[in-house]
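Here the structure is laid out as structure tokens; the discussion comes afterwards.
Read-outs throughout are calculated quantities, based only on the coordinates presented, and are distinct from any laboratory measurement. Predicted, not measured: the structure shown is a model, and the values here were computed from it. Please note: Cβ atoms are built from the backbone with ideal geometry, for glycine as well, and neighbour counts cover all protein chains shown.
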Amino acid sequence: MELQWGTIFAAAGAAMAAVLAGIGSALGVGMAGQAGAGVVSEDPDRFGSCLLLQLLPGTQGIYGLLIAFVIATKAGLLSGGVDISATAGLSLFLASVPIAFGGLLSAISQGKVAVSGINMIAKKPEEQGKAMLMTVMVETYAVLALLISFLLVNGVQVG
Amino acid sequence: MIVQMRRMTLVAHKADEADILQAIQATQSVEVLESGEESSEQAALEQAEEKVRKLTDALKTLRPYGEKQGLLTAMPEANIADVAKQLPPALTFSDRLEGIARELASTRSEIEKNRTIIESLRPWDRFPADMQTFQDVRGVKYFTGLIAASDVEKLEDIDACAEYQLFNEGVVRTCVVACPEDEAKSVANFLKSIEWTDYAFPKTGGKPADAIQRLTDRNRELSGKKSDLEVSLANEASGSAKMVESALDAAVIERDRAKAAAEIARTSATFQLEGWVPQDKVETVEKAVKSVTDAYYFSTREPDKGEVPPSVVENSKFATPFEQVTNLYSRPDPNGIDATPYMAPFYVLLFGLMLSDTGYGLVLSILCALYIKLKKPTGMSGGFAHVLFWGGLSTMFWGVMVGTVFGMDFDTLFGTTNVFPLLVDPMDNPINMLILCFGLGVIHILFGVGLKMKLAFSRKDWQTAIFDNFSWILIICGLIVYAVPSSVEGIPAVVGTVGLGMAGLGALMILLFKGRANKNPFMRTISGLGELYQVTGFLSDILSYARLFALGIATGVIASVFNELCKMLMGSPVLVLKILGILVACGLLVALHAFNIAINTLGAFVHCARLQYVEFYGKFYEAGGRAFRPLGYKTKHVRILDGKSSISD
């Protein structure tokens with residue numbers, strides 16, 4: 001059976017980027033949602049601020065999707081398959097590693113900070129800005145991971 | 001810029017106290033300080049707090065029955081007198097409401113209690129004796145309980161010393177076991193060893209069947225009463241929500257006044273009020289006091305060395321909404337500099353680059369403009385609405401420069417070839433785009449260093465300005481100029497040498513003069529060396545601006561992904577499916593792009609703010625100011641007409 005290793009590796013890279021970053025965001029947003037439900041059960045007026053904090057860990061999933069899409073377009077996965085060499089495919093696979101693992105772990109950590117932020121605004125609703133800011137600090141690393149993944153994917157010579 | 005605060009002292013007759021406080025509250029310019037003494041006004045404060053609590057509870061009870069307020073309707077406006085007039089009728093109304101709510105709650109709980117008893121008695125339906133009196137037989141011990149159907153045969157084992165009777169069918173069967181008193185202990189042990197749960201009858205008399213009937217009847221009449229109460233609650237509620245909201249605002253205003261009154265020092269005939277007033281409001285406050293009485297002593301002075309006045313700033317119409325962004329981080333130290341007017345244009349510029357999609361910018365600006373016009377928000381949400389409006393305009397600009405409109409290329413939209421994007425396409429040319437972002441970052445950071453120089457000069461500290469800050473500007477610019485000939489063709493090599501010279505000069509200045517506090521020349525150079533290490537800090541700051549690039553392409557690529565998705569939906573060759581696909585795709589497009597706008601606006605807002613706080617403010621800002629909390633009108637539901645909007649908040 002003749003396998004197109006280039007395409008396979010590229011597909012694996014796209015899948016990994018989307019899956020791992022998505023898992024991270026799902027876990028992060030889920031954690032924050034649980035904390036938010038607790039706060040809202042005591043004080044329904046806090047819902048807006050809790051929702052805002054809950055949304056913040058969600059960006060890593062979107063970044064993963066973005067890189068998956070860029071890899072898929074580059075390797076022709078969406079339009080019927082471009083012939084790419086095994087080296088190019090493996091390069092694409094490795095290029096997805098930063099956003100996959102960086103997104104996974106930073107989203108989980110960001111979720112934990114979001115949970116603490118939600119607990120903070122339960123006691124001090126006026127400090128919502130500070131809670132948001134602390135949560136966003138973690139996202140720096142997801143952004144850096146996205147950047148390097150994008151640059152690496154862009155730099156791969158296909159065909 | 002930062003407004004000077006003055007510490008004021010006002011002494012006047014006790015008789016005029018209430019009127020003076022009301023007049024001062026109308027100016028919304030005085031923060032009253034605690035006098036630290038025990039006050040006779042505590043009782044009045046407690047009463048005022050009680051009113052606020054009652055009305056808040058009433059509002060909570062009314063909430064399920066209230067009419068929904070439109071998203072874009074403005075707050076109703078009223079005079080302070082009208083609002084205060086709503087207080088007495090609202091208080092009696094809230095008492096009435098509280099009574100009905102309490103009765104309703106107790107009725108509900110009684111219904112629930114009866115229902116539980118009925119359910120627990122149902123298996124004992126066939127029990128023939130009175131529940132309370134059947135045990136009053138001498139010499140016999142009764143055990144009532146529930147036994148698993150599977151264990152019924154085990155009861156045969158105690159047949160010798162006890163009698164048992166079952167009363168229902170099913171998985172769990174109700175059972176009574178009777179035995180002579182001396183056998184009681186062994187029977188009890190036996191029962192513990194099988195699947196037996198003790199059951200105690202509830203404290204009502206008569207047979208279980210009678211009790212069930214009685215309680216069901218009682219529940220029926222209670223349910224009738226409950227629905228009557230609910231109807232009367234709904235009747236009371238309709239139309240009353242507005243009155244209670246106005247009254248709640250009035251009660252809060254009164255409570256704030258009472259709180260201020262409680263903090264004033266008093267003698268037998270006079271009272272003394274200490275507070276902070278902004279410099280430009282001193283006349284207004286004095287006029288307000290004069291309108292009440294001529295017999296007063298009013299003086300203001302500069303803050304003392306140890307005192308920390310609150311932080312008040314005044315800015316141009318464009319920059320004022322951006323104060324909300326600064327306040328998210330920290331108000332400025334009164335002795336420092338107000339960063340908002342310098343931050344505002346950079347914020348707008350960088351926000352646009354992060355969102356960089358003309359279509360999204362258009363939608364954002366339109367939505368914000370509508371919100372501001374219709375809902376007339378104030379305070380934090382008003383500030384953010386204005387900030388996002390300007391950000392939307394900037395986004396439209398950058399969208400044309402850098403690339404996309406609703407995820408599509410401008411070229412495909414206008415049918416032109418290669419005219420757009422006007423500046424650089426991040427997808428084709430990531431390195432140049434990165435250089436653009438880093439360049440903006442360098443400008444931002446150097447501007448911050450320049451502000452620090454300005455601050456130092458204004459404090460007559462030219463050494464800090466030149467040796468600590470200008471030297472860094474020289475180093476960074478020098479290094480950049482040095483790198484130019486090697487990366488750009490056509491620049492003579494001498495430019496590189498000039499750059500190297502600049503950087504060298506800057507480094508020398510730091511090395512020699514940074515540690516100028518130290519007399520020992522050796523120690524000076526060592527601390528200068530340590531300071532040079534800060535170049536890594538600058539490097540990481542500049543790299544941080546790469547997020548402009550990352551967030552910019554993120555928006556565009558996600559939008560184009562959504563477009564591709566919907567294009568696939570619309571591409572079916574079968575006509576019926578194609579029409580269906582187009583319908584679904586249109587709805588989907590709107591929803592997906594709306595989602596994308598929301599997520600990316602949030603991200604751009606927060607990341608742009610973070611860039612200001614860490615990279616920009618870190619260079620010159622002195623944080624730590626405390627908020628100015630004047631005695632004023634802190635209303636949530638009504639806008640008071642004769643007061644201007646509050647300075648702080």
Rounded if a/c under 1.5, otherwise prolate or oblate - the range B:240-339, Cα gyration tensor axes: oblate
Zone residues, the range B:286-326, relative to B:Leu33, backbone N less than 16 Å from point 7 Å out along Cα-to-Cβ: B:298-312
Rounded to 10°, Cα long-axis angle of helix B:42-62 versus longest principal axis of chain B: 70 degrees
Given charges at beta-carbon only (K, R positive; D, E negative), |dipole| of the range B:514-623 in Debye: 340 debye
Given chain B, longest segment not containing exposed loop GluC sites (Glu not before Pro) (DSSP; at most 13 other Cβ within 10 Å): B:308-488
Cβ-derived FRET efficiency at R0 25 Å, B:Lys113 paired with B:Val171, nearest 0.05: 0.45
Approximate spin-label separation B:Thr267-B:Leu505, in nm, with each point projected 7 Å along Cα-to-Cβ: 6.7 nm
Point-to-point label distance, B:Glu564-B:Glu46, nm (Cα→Cβ direction, 7 Å offset): 7.0 nm
Candidate lysines - alpha carbon under 18 Å from A:Lys130, same-chain residues fewer than 8 apart omitted: A:Lys112
Inter-part distance where the range A:120-159 and the range B:428-482 are each reduced to a Cα centre, Å: 26 Å
Cα gyration tensor, the protein assembly as shown - rounded (a/c under 1.5), prolate or oblate: oblate
Cα centroid separation, the range B:590-642 to the range A:48-83 (Å): 28 Å
In the range B:87-161, the trypsin sites (Lys or Arg not before Pro) that fall in loop regions by DSSP, at most 11 other Cβ within 10 Å: B:Arg138
Value at 222 nm in deg cm²/dmol, rounded to 500, when DSSP H runs of n ≥ 4 in chain B each add -39,500 (n - 2.57): -19500 deg cm²/dmol
Proximal lysines relative to B:Lys375, as straight alpha-carbon distance under 16 Å, when same-chain residues fewer than 8 apart are discounted: B:Lys68, B:Lys636
Exposure proxy ranking, count of Cβ atoms within 10 Å, fewest first, for B:Asp357, B:Asp159, A:Asp83, B:Asp249: B:Asp159, A:Asp83, B:Asp249, B:Asp357
Added length on full extension, which subtracts the Cα-Cα distance from 0.36 nm per residue, B:Lys225 to B:Ala517: 96.7 nm
Binned Cα-Cα distances of the range A:62-116, short to long, each 10 Å bin given as a whole percent: 22, 41, 22, 11, 3
Fewest-first ranking of B:Ile158, A:Ile71, using other Cβ atoms within 10 Å as the exposure measure: B:Ile158, A:Ile71
Mean-position separation - Cα centroids, the range B:338-356 and the range B:131-188, in angstrom: 83 Å
Helix-only CD estimate at 222 nm, as mean residue ellipticity for chain A, using -39500 (n - 2.57) per DSSP H run (n ≥ 4): -28000 deg cm²/dmol
With eigenvalues of the C-alpha gyration tensor scaled by 5 and rooted, the range B:430-543, Å: 27, 17, 13
Rel. contact order, % - alpha carbon contacts under 8 angstrom, at least six apart, chain B: 23 percent
Residues of the range B:147-176 with amide N under 11 Å of the 7 Å Cα→Cβ point at B:Ser186: B:158-162
